[in-house]
Amino acid sequence: MKKVSIFDEAKFTDLTFHSFLVHDSEHFKAINFNFKAGQSMPVHSHDIEGQLSIVVLSGEGEFLSEDDAIPAKTGDVLISDISEPHGVHAITDMRVLVTIAPPI
């Protein structure tokens, strides 16, 4: 077992979003990203199989794709293939938790 207090460990920075590696194993990866209002993670994809989730822990913003923006608020979850273009834009200060699960 492992316990991590994301709100205590992860920070916000003025220049760009801040990432904090919560967990990394062969089964899945969990990363916390903190965005100040107006910051974004550009739309991108990874050429690997598997799925990812993006959970909004606090704040409001948008889940991004190549040609769309979906409103995202506290408690919302996006599920996507890792190879599908995805990103995040913060309207208010925003914390998200991304999990990446390659196929087993």
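In table form, for the structure just shown:
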| quantity | calculated |
| --- | --- |
| Mean shadow area of region 31-82, taken as a quarter of the surface of its Cα convex hull (nm²) | 3.8 |
| DSSP-assigned coil residues among trypsin sites (Lys or Arg not before Pro) in region 1-68, each with at most 15 further Cβ atoms within 10 Å | K2, K3, K11 |
| Reachable lysines, given that their alpha-carbon falls under 16 Å from the alpha-carbon of K3 and they are not under 8 places away in the same chain | K29 |
| Nitroxide proxy distance, nm - points 7 Å out along Cα→Cβ at S65 and H27 | 3.1 |
| ³J(HN,Hα), Karplus 6.51/-1.76/1.60, whole Hz, each residue of region 40-56, x for Gly, Pro | 9, 9, x, 4, 8, 8, 10, 7, 9, 7, x, 10, 9, 10, 10, 10, 7 |
| Solvent-accessible surface (1.4 angstrom probe) belonging to L64, in square angstrom, nearest 10 | 40 |
| Theoretical ellipticity at 222 nm over the chain - DSSP helices of four or more residues, -39500 (n - 2.57) apiece, nearest 500 | -500 deg cm²/dmol |
| D93 long-range amide H proximity, modeled H, under 5 Å | A37 |
| About the Cα centre, charge dipole magnitude for the chain (Lys/Arg +1, Asp/Glu -1 at Cβ), debye | 540 |
| Heavy atoms of E60 accessible to a 1.4 Å probe, total area in Å² rounded to 10 | 100 |
| In Hz, Karplus ³J(HN,Hα) per residue of region 87-104 (6.51, -1.76, 1.60; θ = phi - 60°; x = Gly, Pro) | x, 9, 10, 9, 8, 10, 3, 9, 10, 10, 10, 9, 10, 10, 10, x, x, 8 |
| Karplus-derived HN-Hα couplings along region 15-23 (A = 6.51, B = -1.76, C = 1.60, θ = phi - 60°), whole Hz, x at Gly and Pro | 7, 7, 4, 10, 10, 9, 6, 7, 7 |
| Modelled label reach - T13, point 7 Å along Cα→Cβ, region 34-64 residues with backbone N closer than 19 Å | 34-43 |
| Accessible area in the full protein assembly, largest first, 1.4 Å probe, for V55, V98 | V55, V98 |
| Compactness of the chain as Cα Rg over 2.2 N^0.38 Å, two decimals | 1.02 |
| Extended-chain gain in nm, criterion 0.36 nm per residue less alpha-carbon gap, F20 and T92 | 24.0 nm |
| Placed amide H near V22: partners under 5 Å, 5+ positions off or other chain | A30, I31, N32 |
| Cβ crowding within 10 Å averaged over residues, with 67-78, 85-96 ranked highest first | 85-96, 67-78 |
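The values are calculated or read from the model by the stated rules, or taken from the named source; none is laboratory data. Computed from a predicted structure; not experimentally measured. Note: ideal-geometry Cβ built from the backbone for every residue, glycine included; neighbour counts use all protein chains shown. All accessible areas refer to the heavy atoms of the entire protein, side chains included, with ligands and DNA or RNA removed. Shrake-Rupley method; radii C 1.70, N 1.55, O 1.52, S 1.80 Å.
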